[in-house]
Amino acid sequence: MATELFNLSGKIALVTGASRGIGEAIAKLLAQQGAHVLVSSRKAQSCEAVVSQIVAAGGSAEAIACHVGDIEAVVATIEAIRGRHKRLDILVNNAATNPYFGNVLDTDLAAYTKTVDVNIRGYFFMSVEAGKLMREQGGGAIVNTASVNALQPGMGQGIYSITKAAVVNMTKVFAKECAAFGIRCNAVLPGLTKTQFAGALFDNENMYKSVVKNIPMGRHAEPEEIAGAVLYLVSHAGSYTNGECLVVDGGLTI
């Protein structure tokens with residue numbers, strides 16, 4: 001049920017990487033607050049599973065498959081939304097990849113290319129295409145999922161950390177250049193969060209302990225906690241229209 005402060009009734013929201021983890025939690029929370037959520041990831045079947053759960057809980061959602069590393073797929077996705085809904089009020093860029101874990105000197109071209117294509121190029125052109133539609137309708141909200149690795153690189157996560165740092169600056173660029181169109185752009189920087197994506201850290205007890213000891217609250221986050229920050233940023237409660245962006249640092253808040 002939507003609350004008055006965070007009421008998203010009538011809003012159309014696209015969440016990428018929404019078939020599991022943080023994206024799934026975001027999609028469910030936005031739907032709970034009244035938005036019609038477009039649940040997106042590479043595989044339609046995975047999206048449909050989340051849509052079914054949202055609908056069963058009384059929400060409104062539909063699946064839309066899109067590989068954000070494929071520019072043609074990104075353009076086609078936004079065009080499909082334009083044709084079907086005539087608008088897009090919220091974009092949450094959450095889809096990401098981290099195919100390589102190891103010393104930066106051993107990063108191969110394939111891992112580099114895949115990480116950059118999804119985490120930088122994908123976020124950029126999804127924001128561009130969605131932003132054009134938002135500009136036409138007079139405004140909207142974009143939230144990018146970055147990472148605390150943007151501020152302090154994770155050991156063995158060199159290229160991933162680099163792309164997440166780029167996402168933070170990308171957010172600032174879009175916030176500044178799109179404010180005149182009524183488009184707000186903000187970012188969340190999750191710390192260690194219990195997801196399949198971060199499975200390698202949770203599976204390695206020594207590595208997990210080394211990360212957790214540097215978190216002020218001494219624990220990892222759950223996806224639902226990150227979703228709450230995103231809800232704040234896309235709602236009127238999180239209105240920043242002067243070209244500034246709010247970066248929510250999970251390293252401090254979890």
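The values are calculated or read from the model by the stated rules, or taken from the named source; none is laboratory data. In this text, all values refer to a predicted model and were calculated from it rather than measured experimentally. No Cβ is skipped: glycine too gets one built from the backbone with ideal geometry, and neighbour counts run over all protein chains shown.
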task: Those residues that are at pLDDT 95 or above and surrounded by fewer than 21 Cβ atoms within 10 Å (Cβ to Cβ), I need them from segment 11-29; list them, please.
output: LYS11
task: Within segment 80-98, identify whether any single residue is in a loop (DSSP other than H, G, I, E, B), touching a Gly at 6+ places or on another chain (Cβ under 6 Å) and surrounded by fewer than 22 Cβ atoms within 10 Å (Cβ to Cβ), and answer yes or no.
output: yes
message: Report every pair of residues separated by at least 6 positions or lying on different chains whose Cβ atoms are under 7 Å apart, first residue within segment 7-25 and over 15 Å from LEU91 (Cα atoms), second surrounded by fewer than 24 Cβ atoms within 10 Å (Cβ to Cβ) and modelled with pLDDT of 95 or more.
response: ASN7/GLN33; ASN7/GLY34; SER9/GLY34
task: Determine whether segment 41-52 contains at least one residue that is within 24 Å of GLY131 (Cα to Cα) and under 12 Å from the mean Cα position of the chain (by Cα).
output: yes
- prompt: With respect to the numbered conditions (1) aliphatic (A, V, I, L, M); (2) surrounded by fewer than 21 Cβ atoms within 10 Å (Cβ to Cβ); (3) at pLDDT 95 or above, which one is the sole condition not fulfilled by ALA44?
  reply: (3)
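Scanning for something without any contact (Cβ under 8 Å) to a residue 12 or more places away in the chain and within 30 Å of ARG87 (Cα to Cα), does segment 109-118 turn up at least one residue? Before the answer, list the steps.
First, the residues of segment 109-118 that are without any contact (Cβ under 8 Å) to a residue 12 or more places away in the chain: 109-110, 113.
Next cut, within 30 Å of ARG87 (Cα to Cα) only: none.
No - not one qualifying residue is present in segment 109-118.
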- line: Flagged in segment 94-130 as closer than 27 Å to GLU177 by Cβ and either in contact with an Asp or Glu (Cβ under 9 Å, 6 or more places away or on another chain) or among the basic types (Lys, Arg) (or both), in numbering order, are THR97, ASP117, ARG121, GLY122, GLU129
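Sort out which residues of segment 64-80 are out of contact with any strand residue (DSSP E or B) (no Cβ under 7 Å at 6 or more places or on another chain) and of a type in the set (Val, Ile, Thr), and write them in order of number. Give the derivation first.
Let us first name the residues in segment 64-80 that are out of contact with any strand residue (DSSP E or B) (no Cβ under 7 Å at 6 or more places or on another chain), namely 65-80.
Across segment 64-80, the qualifying residues are VAL68, ILE71, VAL74, VAL75, THR77, ILE78.
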field: Residue satisfying all of: in segment 30-40; assigned to a helix (DSSP H, G or I) and crowded, with 23+ Cβ neighbours inside 10 Å; farthest from the chain's Cα centre (by Cα) among these
entry: ALA31
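Does GLY34 satisfy the criteria of being at pLDDT 95 or above and at positive phi?
Details: at pLDDT 95 or above: yes; at positive phi: yes.
For GLY34, the condition - at pLDDT 95 or above and at positive phi - is met.
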message: Return the pair list, or none, for Cβ contacts closer than 7 Å from residues in segment 50-77 that are at pLDDT 95 or above to residues that are among the aliphatic types (A, V, I, L, M) and surrounded by fewer than 19 Cβ atoms within 10 Å (Cβ to Cβ), at least 6 apart or on different chains.
response: ALA61/VAL55; ALA63/ALA44; ILE64/ALA80; ALA65/ALA44; CYS66/ALA73; HIS67/ALA73
